[in-house]
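J.: One structure follows; several queries about it will come next.
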Amino acid sequence: MIRTARFILALAVATLAQVSFFPAWLSTPFIPNLTLFFVVHLGLRVPFCWINCLAAFFIGLVQDCFSGSYFGLHGFIYLFVYLLLEQTSERLYTDNNLLIIMGVFLGILLDGVMTFCLLLLFSEADGIYGSLFSGLIPHALTSTAASLLLVRAIPDSSSGYAR
Amino acid sequence: MLEFLKKYRVQLLAGFALFTALIFFSLNLRRKDSTYPLEKVVLTVATPVMGLFTGVNNAIFSVWEGYLFLTKVKEENGRLLRTIKIQNERLIRGNEALLENERLRALLDMRARLPGSPVSVSVIAEEVTPWFRTVVVNRGSQDGIREGLPVVALSGIVGQVIKVGAMSSKVLLLTDHASAMAATIQRSRARGVVKGKGGELCSLEFASRLDDIKLGDIVETSGVGGLYPKGIPIGQVTMVKKGEYGIFQTVTIRPAVNLSRMEELLVLVSPPK
């Protein structure tokens, strides 16, 4: 219970910091995505249950509240990232912090690619690929760097769970 | 069949969950301009904390600019520089107040010129992903703001309100790929549609090859569609390209407002019909 409360508190602080603190100091492509770290953490470290699926979807919806004009876009993407990591985590050494950091990097890339594909299929934001792909790598790198700090700051993520 | 369902239960349920999320997303695309209860709740709950973060940012900025630098100098130069520090602090505070005064006075002047009753707002949160361009401002439905209202700054148009919470709202900037507004070239009255290109630029679409558009031309809102008032500056033409073929020309526009450094904005609560 305390662990869950700490997780939610950390998520809330990270979400608000990324939308109102970092933009004052960093320019657009270098603002880290901290919420994805929590989805990766759920996928790799927390034993599977359907509540976690809902949590990943909800984290995506919260991200959508502050980002872009497509409500549900990140909900779908974060759920996909969560399920992908969850399904592969059995074969991985999930206690390794490097795995979470790599997961965040690949998650950001997947986020960009899926945003592009979904908007291509369902919307008419043509030309988005220019800003999307030009900003993707710096965004992924700063998010990875931020997750390096987060992985140390959140004790749960380095201690691991019994899977 | 039952065995198959049992064996792949998790995968099937995961697939179903993903499918449901995709349906949820695609259904929401039709209601892009309306605010969902969850969005309202999140925006309402987050607003005071975002205001707190903005306050912290401002405090750090003012400490850094007004105190730390001078303290370092003080250590190097002793009593003489302590006097300079005090004078400088006064000067900085005075200049800051002067600049703020000028900015707010200009905003008031603009407010008087604009139709309807504009509501002044401050930016409290910005976009995280590099591919969307939105900001969150500190006023919402309690102040009469609703979806679709235009947002302007001192030097020109900023975008439109797309989501509204009780105490905060989300603004789609004119540089977002989903943004479009009817525009006209101030000098030649050539018309087109200004669309966001992501980053810091926009493009003028559907401008005929024969239209007279030159580098440096001012682009302003045409008033067509009734959403944005007529004659508000959008930006300046920075590139004009006419290909050998095709009926349109390629025009790139730099917005009049520096969208990455916005503080006070105005929401036009009663736009012209």
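Each value in this text was obtained by applying a stated rule to the coordinates, not by laboratory testing. Bear in mind the structure is a predicted one, so any value in this text is a computation, not a measurement. Cβ: placed from backbone, ideal geometry, glycine included. Neighbour counts: every protein chain shown.
J.: In the stretch B:187-235, which trypsin sites (Lys or Arg not before Pro) are in a loop and have at most 14 other Cβ atoms within 10 Å, using DSSP for the loop call?
T.: Passing both the DSSP loop test and the Cβ count: B:Arg187, B:Arg189, B:Arg209, B:Lys214, B:Lys230.
J.: How about the stretch A:85-143: which GluC sites (Glu not before Pro) there lie in a loop by DSSP and see at most 13 other Cβ atoms within 10 Å?
T.: For GluC sites (Glu not before Pro) across the stretch A:85-143 that sit outside H, G, I, E and B with at most 13 neighbouring Cβ atoms in 10 Å, the list reads A:Glu124.
J.: If one takes the longest principal axis of the Cα atoms in chain A, at what angle in degrees, from 0 to 90 and to the nearest 10, does the Cα axis of helix A:128-153 lie?
T.: 20 degrees
J.: Go ahead and estimate [θ] at 222 nm for chain B from helices alone: -39,500 (n - 2.57) per DSSP H run with n ≥ 4, summed, over the residue count, rounded to 500.
T.: Working: 5 runs with 97 residues, N = 273.
Helices in chain B give a 222 nm mean residue ellipticity of -12000 deg cm²/dmol.
J.: Using alpha carbons only, how many degrees (0 to 90, rounded to 10) separate the axis of helix A:50-66 from the longest principal axis of chain A?
T.: Result, in degrees: 40.
J.: Within the set B:Lys195/B:Lys241; B:Lys32/B:Lys241; B:Lys32/B:Lys230; B:Lys163/B:Lys241, which residue pairs have Cα atoms separated by over 28 Å?
T.: Beyond 28 Å between Cα atoms: B:Lys32/B:Lys241; B:Lys163/B:Lys241.
J.: When chain A is treated as a GNM, springs tying every alpha-carbon pair under 10 Å, which of A:Ser134, A:Ser89, A:Ser143 comes out with the largest mean-square fluctuation?
T.: Looking only at A:Ser134, A:Ser89, A:Ser143, the largest GNM fluctuation is found for A:Ser134.
J.: Using only Cα atoms, tell me the angle between helix A:73-88 and the longest principal axis of chain A; keep it within 0 to 90° and round to the nearest 10.
T.: On a 0 to 90 degree scale, this one is about 40.
J.: Mind telling me which of B:Gly231, B:Gly51, B:Gly246 comes out most flexible in a GNM of chain B, alpha-carbon contacts under 10 Å?
T.: B:Gly246
J.: Nearest 500 deg cm²/dmol is fine: what mean residue ellipticity at 222 nm does chain A get from its DSSP H runs of n ≥ 4 alone, each adding -39,500 (n - 2.57), divided by its residue count?
T.: -24500 deg cm²/dmol
J.: Which helices of chain B meet both criteria: a Cα extent of 24 Å or more along the helical axis and a mean Kyte-Doolittle score no lower than 1.0, with helices taken as whole DSSP H segments?
T.: Going by DSSP H runs, the hits are B:9-28, B:37-63.
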